[in-house]
1. May I ask you to list the residues in region 126-158 that are part of a loop (DSSP other than H, G, I, E, B), closer than 22 Å to Thr400 by Cα and open to solvent by 30 Å² or more (accessible area, probe 1.4 Å)?
2. Please specify each residue of region 316-344 satisfying the condition of being in a helix (DSSP H, G or I) and either open to solvent by less than 30 Å² (accessible area, probe 1.4 Å) or modelled with pLDDT under 95 (or both).
3. Looking at region 498-516, is at least one residue of a type outside the set (D, E, K, R), farther than 21 Å from Gly430 by Cα and touching a residue at least 40 places away in the same chain (Cβ under 8 Å)?
4. Filter region 196-209 down to the residues that are surrounded by fewer than 16 Cβ atoms within 10 Å (Cβ to Cβ) and part of a helix (DSSP H, G or I), then identify the one that is farthest from the chain's Cα centre (by Cα).
5. In the set Val181, Val187, Val216, which member is over 30 Å from Ser313 (Cβ atoms), part of a helix (DSSP H, G or I) and either open to solvent by less than 30 Å² (accessible area, probe 1.4 Å) or aliphatic (A, V, I, L, M) (or both)?
6. Do we find that Ala242 is touching a residue at least 40 places away in the same chain (Cβ under 8 Å), in contact with a Lys or Arg (Cβ under 7 Å, 6 or more places away or on another chain), within 24 Å of Pro75 (Cβ to Cβ) and not β-branched (Val, Ile, Thr) in this structure?
7. For region 456-467, name all the residues that are among the aliphatic types (A, V, I, L, M) and over 17 Å from Ser556 (Cα atoms).
8. Among the residues of region 277-301, how many are small (Gly, Ala, Ser) and surrounded by fewer than 23 Cβ atoms within 10 Å (Cβ to Cβ)?
Amino acid sequence: MLRNVPAAAWLANYSKAQLSADLLAACIVTVMLIPQSLAYAMLAGLPPELGLYASIWPLVLYAVFGSSRTLSVGPVAVASLMTAAAVASVVEQGLADPVTAAIALSFISGVFLMLMGFLRLGFMANFLSHGVVSGFITASAILIALSQFKHMLGIPLHGDTLWELGAGIVHNVANSHTITVILGTTVLAFLVWGRRRGAVLLQRLGITPSGAQLLVRAAPVVGVLATIAVANLFQLEAQGVALVGEIPSGLPSFTAELPSFALLQALFVPALMIAIIGYVESISVGLTLAAKRRQQINANHELLGLGAANLASGFSGAFPVTGGFSRSVVNFDAGAATQMASVFTALGIALASLWLTPFLYFLPKATLAATIIFAVVALVDFSIFKKTWGFSRADFWAVTVTAVLTLLLGVEIGVTAGIATSIGLFIYRGATPHMAEVGRVAGTEHFRNRERYQVETQPHVLMLRVDESLFFANASALAQTVHNAVYQRDNISDVVLVCTAINTIDYSALETLEAINTRLASQGVRLHLCEIKGPVIDALNKTPFFQYLSGAVYLSQNEAFNALTKPTQVEHMNSQPTHREDAQ
């Protein structure tokens, strides 16, 4: 029970102190989550009440199956943008209406995540590099901000790429609705001021620094309440200001309609992308917060928790959810001790759905647009380009390609390119391992790259260190390096393969090693190995490789260097290869 349902672990020792902390955190997060949920539903191109529905049962299901104590799930900016793109494509094809498509997308994403969890594929998040994810999120944040100009300016705006959105803004900006612009700009300015100066002002009023930071995060709620009052008092709807309008009161109704095959086929790839990106974002936030309290996150339980949350969202008639950075940080800073805080938050959202929706009728869409822009600006990280350019040009180009394709061709192609680029980088680095000829540092037993250090070498000995495990993709690179070195230096009689960084050898690499041994032997050159790790030598002992090895197996680089420097020992080692199975 404790192993399979993480909630059982913290429920077993739940205390009154934790209850108080969770209740306080839930109150704060609920206040922040109401306008945020409405805003992200609007970003996804869906009715606003779906944002509230996506913040009730998904929170409860994640609380049961998720391993993080403080992660808060729900609608988030990037997943909402990806939902909008997928839903628009399906609607354009005439396969379903927006709500049906969003529900199906949530179902499919949930199934993907659950399957990955059951198959214990949590490690797959490691194949998506942080730089590529940052590039994708930065580009997505720019698209999200631009897409909200239609509500900030009160103009028609279509498309989901930089060119389409940019051209639409340029062509229609002259027709902006003045009152809408003033309203949205004022709210955005207030939010920016609140982030920069609000905490200082509150501290001057006697509020503690931590309390001031929490209150500042509730600034969007102040903007919502103020603009509702203004819109109602001055009848802004009659003056052309777009309002949220009527939001149905009540809790989400249960739905279990399975998507058609055509709809499933159309949403298969977008759902997979949303699942992967959502999982990477969630696990990143969860690990960061858990580390601060020395707690642990189980990657596979996170998959199950997020999968259950998305299935719950689908059954609730809502759209895909994932762990949100801003709400999770607020939840953490507010002192949430366990996932019971999320359960209380879900209860608060449910009460709001029952009783508060009539008051949201006069909420201007410009206010929600300002809230979205304010939230996503924090996701923009241009520094990643400078950092990767200075450290690794390959990473820079991977980040740049991902960001540019996202901006120019849309989020689906962008995230696909990001995943492909991350995997491509992994394969490229594995297929082109760093190899160095090493020599002995004078007066020591340490061996270093001869191109970086002043070292002792022997003209007839090539000591080659491979800084990567050997497998089918890079074995030929090793063979080519050895061949080139022997071809260029006629005096080489011994090649020593230093295996300090070789953790595994697959069958293709084994065949390559056998071919290298045979080829060198035909040229009168012996092949030696040194510092082989235990698992590798165990694998090689299962084959006749050592029986045909022309040279020896040495315990250390220094032993190999000394042995091959003294002719008597060389002859001894050559007559009977030495197998030292305790080589590390």
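The values are calculated or read from the model by the stated rules, or taken from the named source; none is laboratory data. What you are looking at is a predicted structure, and each value in this text was computed from that prediction instead of being measured. Ideal geometry is used to build each Cβ from the backbone, glycine not excepted, and the neighbour counts take in all protein chains shown. SASA here: full protein model, heavy atoms, side chains in, ligands and nucleic acids out. Shrake-Rupley method; radii C 1.70, N 1.55, O 1.52, S 1.80 Å.
1. Step one: of region 126-158, the residues part of a loop (DSSP other than H, G, I, E, B) are 128-129, 148, 154-158.
If we keep only those that are closer than 22 Å to Thr400 by Cα as well, we get 128-129.
Correct list: Ser129 only.
2. Our first condition is that a residue be in a helix (DSSP H, G or I); within region 316-344, this holds for 325-333, 340-344.
Scanning region 316-344 gives Phe325, Ser326, Arg327, Ser328, Val329, Val330, Asn331, Phe332, Asp333, Ala341, Ser342.
3. Our first condition is that a residue be of a type outside the set (D, E, K, R); within region 498-516, this holds for 498-505, 507-510, 512-513, 515-516.
Next, only the ones that are farther than 21 Å from Gly430 by Cα stay: none.
So far as region 498-516 goes, no, none of its residues is of a type outside the set (D, E, K, R), farther than 21 Å from Gly430 by Cα and touching a residue at least 40 places away in the same chain (Cβ under 8 Å).
4. Only one residue fits best here, namely Arg204.
5. On the way: Val187 fails: over 30 Å from Ser313 (Cβ atoms); Val216 fails: over 30 Å from Ser313 (Cβ atoms).
Of Val181, Val187, Val216, the one residue that is over 30 Å from Ser313 (Cβ atoms), part of a helix (DSSP H, G or I) and either open to solvent by less than 30 Å² (accessible area, probe 1.4 Å) or aliphatic (A, V, I, L, M) (or both) is Val181.
6. Working: touching a residue at least 40 places away in the same chain (Cβ under 8 Å): yes; in contact with a Lys or Arg (Cβ under 7 Å, 6 or more places away or on another chain): yes; within 24 Å of Pro75 (Cβ to Cβ): yes; not β-branched (Val, Ile, Thr): yes.
For Ala242, the condition - touching a residue at least 40 places away in the same chain (Cβ under 8 Å), in contact with a Lys or Arg (Cβ under 7 Å, 6 or more places away or on another chain), within 24 Å of Pro75 (Cβ to Cβ) and not β-branched (Val, Ile, Thr) - is met.
7. Going residue by residue through region 456-467, those that are among the aliphatic types (A, V, I, L, M) are 461-464, 466.
If the condition is that a residue be among the aliphatic types (A, V, I, L, M) and over 17 Å from Ser556 (Cα atoms), then no residue fits.
8. Here is the first cut: in region 277-301, the ones small (Gly, Ala, Ser) are 278, 282, 284, 286, 290-291, 299.
Subset that is surrounded by fewer than 23 Cβ atoms within 10 Å (Cβ to Cβ): 284, 290-291, 299.
Residues in region 277-301 being small (Gly, Ala, Ser) and surrounded by fewer than 23 Cβ atoms within 10 Å (Cβ to Cβ): 4 in total.
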